[in-house]
1. What is the residue count in segment 148-182 for residues that are closer than 21 Å to Arg95 by Cβ and either at pLDDT 90 or above or of a type outside the set (A, V, I, L, M) (or both)?
2. Taking Gln124 as meeting all but one of (1) in contact (Cβ under 8 Å) with a residue 24 or more places away in the chain; (2) assigned by TED's automatic domain parsing to the domain that holds Gln176, write down the number of the exception.
3. Mind telling me which of the residues Leu93, Leu64 ends up being of a type in the set (A, V, I, L, M, F, W, C), over 28 Å from Ala24 (Cα atoms) and in contact with a helix residue (DSSP H, G or I) (Cβ under 8 Å, 6 or more places away or on another chain)?
4. So, of the residues in segment 107-121 that are surrounded by 23 or more Cβ atoms within 10 Å (Cβ to Cβ) and not aromatic (Phe, Trp, Tyr), which turns out to be nearest to the chain's Cα centre (by Cα)?
5. Which of the residues that make up segment 17-72 are assigned to a loop (DSSP other than H, G, I, E, B) and either on the phi > 0 side of the Ramachandran plot or surrounded by fewer than 15 Cβ atoms within 10 Å (Cβ to Cβ) (or both)?
6. Can you name every residue in segment 74-121 that is of a type in the set (A, V, I, L, M, F, W, C) and in contact with a Gly (Cβ under 7 Å, 6 or more places away or on another chain)?
7. Within segment 94-121, count every residue that is outside any helix (DSSP H, G or I) and of a type in the set (A, V, I, L, M).
8. Please work out which residue is nearest to Ile114 (Cα to Cα), limiting yourself to segment 73-93 and to residues that are of a type in the set (S, T, N, Q) and in a helix (DSSP H, G or I).
Amino acid sequence: MAANSYQMQSMGAKPFNHSSSSDAEAEYDRLRDLARQEAGKRSSCFDKAHNAYSSGDGAAAHQLSEEGKQHAAKMDQYNKQASDYIFRQNNALGRVADDTIDLHGQFVEEGEEILEQRIRYAQQNGQTHLHVIVGKGNHSVNHIQKIKPKVEQVCQELGLQYATEENAGRMYINLQGGPATMPPQNAYQPGGQHGGFHNQPQGQQQGGYQQGGGYPGQQQQQQGGYQQGNQQNNGQNDELEKLAMKLLPRIMKKLDGCCTVM
């Protein structure tokens, strides 16, 4: 994911969907705060780089631009750590059923990536449906749901039928392509196997999560995404950098506030 993809806002949402310890909340807030600090340093470097470029000091502009990229990479790294941490907390063994995924505490882009990976993994393992906890938006600015519209978009792009459950903070997705007709309430139990994963390895946690790294695919997302994005940034040539210097102020204004937490 590109370094500019996450624009930090004040945290107006409740990240945990369960009773959590103060230590857990503090750790999540610490990681998000570190990401916000790096975002501020990144923006400062890019602003200074633009000013240096405008004044004809190309060497200083290049140096400041590289510093900005480093702060952007650290911002992505802290955000990925926070995303992985909150996912482990909310989808730990016993907290969700094996046919359920909880996206509380994720930025919209993070939730989208996790959901797409989870759907692919579920389909490959014969799961017929998926319950997605998206939140009601009670803790969001203006009480507007942030994750749900993105989940709907993902389903539409994948050709999957979905429905809002009686609990407005949950969605039901038919992974087989048919109508989103939910099974009877007592047809599935937390931790049960109805419509979920069959013949799972014993070490696998519910909701497709594996202890120590997330469900298959998420660990690569969390650990490999930072390195890949950093290599792509370093591969930009000087001409693109000069163009970015000219366009950067307008781009940053458009990006400000684009990402919100659920």
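The values are calculated or read from the model by the stated rules, or taken from the named source; none is laboratory data. In this text, all values refer to a predicted model and were calculated from it rather than measured experimentally. Glycine also receives a Cβ, built like all others from the backbone with ideal geometry; neighbour counts cover every protein chain displayed.
1. Summing the residues that are closer than 21 Å to Arg95 by Cβ and either at pLDDT 90 or above or of a type outside the set (A, V, I, L, M) (or both) in segment 148-182 gives 10.
2. Of everything listed in (1) in contact (Cβ under 8 Å) with a residue 24 or more places away in the chain; (2) assigned by TED's automatic domain parsing to the domain that holds Gln176, Gln124 misses just condition (1).
3. Values: Leu93 fails: over 28 Å from Ala24 (Cα atoms).
Checking each option against the conditions leaves just Leu64.
4. If we take residues in segment 107-121 being surrounded by 23 or more Cβ atoms within 10 Å (Cβ to Cβ) and not aromatic (Phe, Trp, Tyr), then Glu110 is nearest to the chain's Cα centre (by Cα).
5. His18, Ser19, Ser21, Ser55, Gly56, Asp57
6. Ile86, Phe87, Val96, Ala97, Ile101, Leu103
7. 4
8. Looking at the filtered set, the residue picked out is Ser83.
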